[in-house]
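Worksheet for the structure shown next.
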Amino acid sequence: MSDRPPESAGLVRAAYFAVREAVLNRQLLPGQRVTVRPFAEQLGISPTPVKAALAILEREGFLVARQHSGYFVAELTAADMRDIYELRAAMDTLAARDIARNRPPELMERLRDLIHGQRRALNGGDVERYAELDREFHALIWRGSSNRRLLAIADLLGAQLQLGQNVTIKVPGRPEASLDEHEEIVDALLACDTAAAEQATRRHVTQVIRALESALPT
């Protein structure tokens, strides 16, 4: 998008986020064809930037292109999600190690608040709020890393992880187990125990992968 004229790049960016949000929020379901015209009309733009946005989303793995048929929402398998979550494990453990060394008070307090908020959301049956706070929990850990390159890939990875979250949140007992795992991570961070923080983080991601494998085709 950076090689385009500023005005054109802005239109492509708007189309990109509109389609991506439709996929992440399941307004467009796996396997569904993505039609250009509705997005062009919704945004008040020509079809050209929408088509450019679809090509970007195809390269990022959100869509698949079928010859003579157009673009369709990707139908991710357990193997696809395993690849994505293995990358997340690497990012999470790197960030957790940095936080355990420094233990910034404001960040630690916010992580605790997020866990409490997630429990309240689950107890109240507000699954969407729970999912939102879950994403914020992990994003906050990423932002706690001193590695400047990490955040450069966090947005793309975070969006793809939301696809997995849409699946695991429906696995019975998984949201509650996830919260317990979050507690273990925060306890290790508070103890400044880098090894325990890494182990708790990897254990959490492993359990998420298992939940995905039970719910998705291989």
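The values are calculated or read from the model by the stated rules, or taken from the named source; none is laboratory data. If you're wondering where the values come from, they're calculated on a predicted model, not measured in any experiment. For neighbour counting, all protein chains shown are included, and Cβ atoms are generated from backbone atoms with ideal geometry for every residue, glycine included.
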Tell me which residues, restricted to the range 177-218, are among the aliphatic types (A, V, I, L, M), modelled with pLDDT under 90 and not in a helix (DSSP H, G or I). LEU216
Can you name the number of the only condition in (1) part of a helix (DSSP H, G or I); (2) outside the structural domain of HIS182 (by TED's automatic domain parsing) that GLN27 fails? (1)
Among the residues that make up the range 59-69, is at least one of them over 30 Å from ALA191 (Cα atoms) and in a helix (DSSP H, G or I)? yes
Residues (surrounded by fewer than 18 Cβ atoms within 10 Å (Cβ to Cβ) and farther than 12 Å from GLU198 by Cα) located in the range 85-99: GLU86, LEU87
Answer yes or no as to whether GLU41 is at pLDDT below 90 and of a type outside the set (Gly, Ala, Ser). no
